[in-house]
Amino acid sequence: MSLYWINWLLLLSLMTYSISSTSGALFAKTHVLIYNDIGTGTQLAVHCKSKDDDLGLHVLAYRQSYEFSFHRDFFLKTLFFCNMQWNGTVYRFDIYNQKRDDYRCGDRCEWNVHGDGACMLNPQTSKFDICYGWNT
């Protein structure tokens, strides 16, 4: 196959991704928002990472939030996980898994963190009713 056709195929692939993207913009930023819903008076320590980025430690009072943003991977491989700690116990959760979340929350994913895991804001119901337990 000639270089001409390879370039056309690549361009077509990029255009298809752009059109099918929830936000409609190629390589748009995704924003992740994490709320502490553990309980009144309980601080939540959040430390999020990807394979390339360490976002540092953030301590949230009850009902406080932490937000970060990033560019999604063209091949749907973006993964951010967070260690979350309160009352001396550490839990782990995949706060953004592109294969799971890309079309569910588009360019903004909001999470309520509670004792049993995390619940994502469902854009169809406007409620935090898409829930997952902690990673094992």
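Please treat every number below as a calculation from the coordinates, not as lab data. Being a predicted model, the structure only gives us computed values, none of them experimental.
Entry note, segment 23-136: relative contact order of 27 percent, from Cα contacts under 8 Å with a spacing of 6+ residues.
In straight-distance terms, cross-link reach from Lys49 covers every one of the lysines whose alpha-carbon lies under 20 Å from its own, apart from those fewer than eight places away in the same chain; here that gives Lys29, Lys77, Lys99. Over segment 64-115, Cα pairs under 8 Å with separation of 6+ residues give a relative contact order of 28 percent. Where q = 0.15, 0.17, 0.21 Å⁻¹, what log10 of I(q)/I(0) comes from the Debye formula for segment 30-116, counting one point per Cα? Log10 of I(q)/I(0), two decimals: -0.52, -0.66, -0.98.
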